[in-house]
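Let me begin by presenting the structure, written as structure tokens, before commenting on it.
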Amino acid sequence: MNFRPTSKQPRFSRGIISYDIFLTDFSMKTSNQSLPENCDYLVIGGGSAGAIIARRLADANIGRVVLVEAGINDQDDPALQNLSLLDNQGDHTEWGFLAYPVADRNNRIHYSRAKMLGGCGNHNDCAFLIPPDSDFDRWKNLGATGWEASSLIKYFDRIESMVHVERQPPVNPESRRFIDAGIELGLKEVDFRKSITEGVGPFPLNSNGDLRQSSSVAYLHPVAELPENLNVCCNTQAARIIFEGTKATVVVTDRGSIKANREIILATGAIHSPQLLMLSGVGDQKVLTELGIEPVAHLPGVGSNLVDHSSANLILALNRELSPWTMTCCEATMLLKSNSQEPAPDLLYHFVLGVRDKYEGRESHYTNSVKISPNVTRPKSRGNLALVSSQISDAPRINLNYFSDPLGYDIDTLIQGLRGSRKLAETRVFSEMVDHEIMPGPDAQSDDQLTEYILNTCETVYHPSGTCKMGNPDAPDTVVTPDLKLKGFDNLRVCDASVFPDMVTVNINNTVMMVAEKAADLIIQDAKR
Ligand SMILES: Cc1cc2nc3c(=O)[nH]c(=O)nc-3n(C[C@H](O)[C@H](O)[C@H](O)COP(=O)(O)OP(=O)(O)OC[C@H]3O[C@@H](n4cnc5c(N)ncnc54)[C@H](O)[C@@H]3O)c2cc1C
């Protein structure tokens, strides 16, 4: 079966279904050149961040750069870069994690992470937003010196010199009604590229028509024409980093070892970067010793401080057939301030066309349905990830610990969010197309009922971050210092979503790419000293 859906056909949540088309052995098409024995700069992970760093270092001509990526070369399958084929990417580009959303409940949720050049930027929804300045004020207050908003503008500008952004992408009729419903509630239609403020509007997208503008597309393609000093090695999984004193020297991969003469840059994302550090002996020494891993450095912050945007769903059955969507099934958004004391909106809504449950064992699919899903923009709950063994082949346990903050800020905010979803659904313009509320169902009205509903059905918008937190060197949970160097080490930097000192208000990919642009600058400046 050669299943390539048109936008008229329903699409399914990534990471759950595999289609025959994906049985093709894409690794056969990927240039599996021999692995170099050494280089100057070794970047591990070619995702949103790693692809940018590798390209910038190569262009700066400061030495030989090797990029190792566990997944395939995305260029071997053009469908991967086609945004309108989102959700149809199959298991060969997916790590296939499961995560525990709420402590003390055994439900597990599919926790998608891409495994390919371009990383999650190649299977995300391409919502592309710049966080408000207040987010970076918080970063700075948490010890991220030099990361204040004014100094980051140039990096966001650099990204836009490489990446095409659709500022006002077209929306389908249901998404248009969502926007009009917000206007009926008294909100403004906002260009969210200009400001992150209360309002409704289409999501700006990092795409050029249907062509994704992921970091691999924008910075690495065509791979065959990359500068000679950049060697991209796909289908190569790093298993361990070897340290000598305060230096990281060698990366052991499943295809052999590579020595790095100058720096190693870890960019395997918020789940794999702490996993790889722990497997290499960096983490909580007691825990590592119990697992039989020889400790190298006691950094208990590795794998802790996991923060993600938790969301809840108002699921509605429509009284009509759902129209085809134009590029992504998540075309429009609404930002709300449920608490006027907050510096920026505390709720961000995804309006999702077509609904599929993300829970293990609950994979029900509703036809002609939509969901209005608020997420807590700056959650206070923190999760963690824990190794289950000393083997890289064993996925870590991912504890999202949603709604674990002692004062209940996250759950209270999300209850407000669900009530906001209902208000929007009840507007004249929106209610015209609604048949009935599927979930939580009209009977669930009280705070207690909505709390129970959220604890059982909450979802993720796939924004894990913070697991190798950047901060003040004196803080016990700091993993990297503001120059992104692993605390106590000279030449290992972590540069991906894991270094966020705190969550940003909006979808995080643009911020990850900004971290990469700044990381490249820091490395190049050091090389030229
Ligand atoms: C389904 C989904 C939808 C999303 N939608 C949006 C959106 O619309 N807008 C938005 O802003 N954000 C979105 N995000 C989030 C955003 O895409 C990610 O936060 C961002 O891409 C993370 O970038 P990264 O560089 O930290 O990690 P990644 O992009 O995950 O890159 C890590 C790379 O490292 C590789 N790797 C891992 N381990 C190893 C190893 N041991 N050796 C070698 N390579 C390794 C992986 O294969 C991967 O390619 C979405 C995420 C998902 C999963």
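Any residue that is without any contact (Cβ under 8 Å) to a residue 12 or more places away in the chain and away from the ligand (no atom under 16 Å from the Cβ) - is there at least one of those in the range 500-523?
Looking through the range 500-523, none of the residues is without any contact (Cβ under 8 Å) to a residue 12 or more places away in the chain and away from the ligand (no atom under 16 Å from the Cβ).
Could you grab me the full set of residues in the range 90-108 that are open to solvent by less than 10 Å² (accessible area, probe 1.4 Å) and either within 12 Å of the ligand (Cβ to nearest atom) or assigned to a helix (DSSP H, G or I) (or both)?
THR93, ALA99
Take the residues in the range 34-60 that are of a type in the set (S, T, N, Q) and away from the ligand (no atom under 15 Å from the Cβ); name whichever of them is least open to solvent (accessible area, probe 1.4 Å).
Among those residues, the one meeting the criterion is ASN38.
Matching residues to (1) in contact with a strand residue (DSSP E or B) (Cβ under 9 Å, 6 or more places away or on another chain); (2) assigned to a loop (DSSP other than H, G, I, E, B); (3) hydrophobic (A, V, I, L, M, F, W, C):
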site: ALA317; (1), (2), (3): yes, no, yes
site: LEU322; (1), (2), (3): yes, yes, yes
site: SER338; (1), (2), (3): yes, yes, no
site: GLU342; (1), (2), (3): no, yes, no
site: PRO345; (1), (2), (3): yes, yes, no
site: PHE351; (1), (2), (3): yes, no, yes
site: GLY361; (1), (2), (3): no, yes, no
site: LYS371; (1), (2), (3): yes, no, no
site: ASN375; (1), (2), (3): yes, no, no
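Within the range 252-290, restricting attention to residues that are open to solvent by less than 20 Å² (accessible area, probe 1.4 Å), in contact with a helix residue (DSSP H, G or I) (Cβ under 9 Å, 6 or more places away or on another chain) and assigned to a strand (DSSP E or B), which residue is nearest to the ligand (Cβ to nearest atom)?
If we take residues in the range 252-290 being open to solvent by less than 20 Å² (accessible area, probe 1.4 Å), in contact with a helix residue (DSSP H, G or I) (Cβ under 9 Å, 6 or more places away or on another chain) and assigned to a strand (DSSP E or B), then LEU266 is nearest to the ligand (Cβ to nearest atom).
Quick one: which of SER446, SER465 is touching a helix residue (DSSP H, G or I) at 6+ places or on another chain (Cβ under 7 Å) and among the polar types (S, T, N, Q)?
Within the list SER446, SER465, the selection yields SER465.
Hey, among the residues in the range 167-209 that are in a loop (DSSP other than H, G, I, E, B) and among the polar types (S, T, N, Q), which one's modelled with the lowest pLDDT?
Step by step, filter the range 167-209, then rank; the result is GLN168.
Mind listing whichever residues of the range 485-499 are touching a Leu at 6+ places or on another chain (Cβ under 9 Å) and either open to solvent by 10 Å² or more (accessible area, probe 1.4 Å) or within 15 Å of the ligand (Cβ to nearest atom) (or both)?
Result: LYS485, LYS487, GLY488, LEU492, ARG493, VAL494, CYS495, ASP496, SER498, VAL499.
Does THR427 satisfy the condition of being closer than 20 Å to ALA444 by Cα and among the hydroxyl-bearing types (Ser, Thr, Tyr)?
Yes; evaluated as a whole, the condition is true for this residue.
Using the structure shown, decide if THR328 is buried (at least 21 other Cβ atoms within 10 Å of the Cβ) and part of a loop (DSSP other than H, G, I, E, B).
yes
Taking the range 73-88 on its own, how many of its residues are near the ligand (Cβ under 10 Å from one of its atoms) and part of a loop (DSSP other than H, G, I, E, B)?
Total satisfying the criteria: 2.
Of the conditions (1) part of a helix (DSSP H, G or I); (2) within 15 Å of the ligand (Cβ to nearest atom); (3) over 21 Å from the mean Cα position of the chain (by Cα); (4) not basic (Lys, Arg), PHE156 clears all except one; give me its number.
Every condition holds for PHE156 apart from (3).
So that you can scan it fast, the table gives a plain yes or no per residue for (1) open to solvent by less than 50 Å² (accessible area, probe 1.4 Å); (2) of a type outside the set (D, E, K, R); (3) farther than 26 Å from VAL232 by Cα:
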site	(1), (2), (3)
GLY119	yes, yes, no
ASN122	yes, yes, no
PHE136	yes, yes, yes
ILE153	no, yes, yes
GLU174	yes, no, yes
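Taking the conditions exactly as written (buried (at least 20 other Cβ atoms within 10 Å of the Cβ), outside any strand (DSSP E or B) and within 16 Å of the ligand (Cβ to nearest atom)), does THR467 satisfy them or not?
When the stated conditions are applied, THR467 passes them.
Given the options ALA144, ALA70, name the one that is within 15 Å of the ligand (Cβ to nearest atom), part of a loop (DSSP other than H, G, I, E, B), more than 14 Å from the chain's Cα centre (by Cα) and of a type outside the set (Lys, Arg).
The unique qualifying residue is ALA70.
Count, please, the residues in the range 349-374 that happen to be of a type in the set (D, E, K, R) and in contact with a Leu (Cβ under 9 Å, 6 or more places away or on another chain).
2
Check off (1) within 20 Å of the chain's Cα centre (by Cα); (2) assigned to a helix (DSSP H, G or I) for ASP412 and give me the number that stays unchecked.
So the condition that ASP412 fails would be (1).
Out of (1) touching a residue at least 12 places away in the same chain (Cβ under 8 Å); (2) assigned to a helix (DSSP H, G or I); (3) more than 16 Å from the ligand (Cβ to nearest atom), the odd one out for PRO482 is which?
(2)
Here's the yes/no breakdown for (1) touching a residue at least 12 places away in the same chain (Cβ under 8 Å); (2) more than 16 Å from the ligand (Cβ to nearest atom); (3) over 22 Å from the mean Cα position of the chain (by Cα):
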position: GLY441; (1), (2), (3): no, yes, yes
position: GLU452; (1), (2), (3): no, yes, yes
position: THR457; (1), (2), (3): yes, yes, no
position: ASN472; (1), (2), (3): yes, yes, yes
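Starting from residues that are more than 10 Å from the ligand (Cβ to nearest atom), in contact (Cβ under 8 Å) with a residue 40 or more places away in the chain and not in a loop (DSSP other than H, G, I, E, B), keep the ones in the range 225-240 and report whichever is nearest to ARG55 (Cα to Cα).
Among them, the one singled out is LEU230.
The values are calculated or read from the model by the stated rules, or taken from the named source; none is laboratory data. Since we're looking at a predicted model, the values are computed, not measured. FYI the Cβ positions are ideal-geometry reconstructions off the backbone, even for glycines, and counts take in every protein chain you see. To get the accessible areas, we keep the full protein, side chains included, count just its heavy atoms, and leave off ligands, DNA and RNA. Shrake-Rupley method; radii C 1.70, N 1.55, O 1.52, S 1.80 Å.
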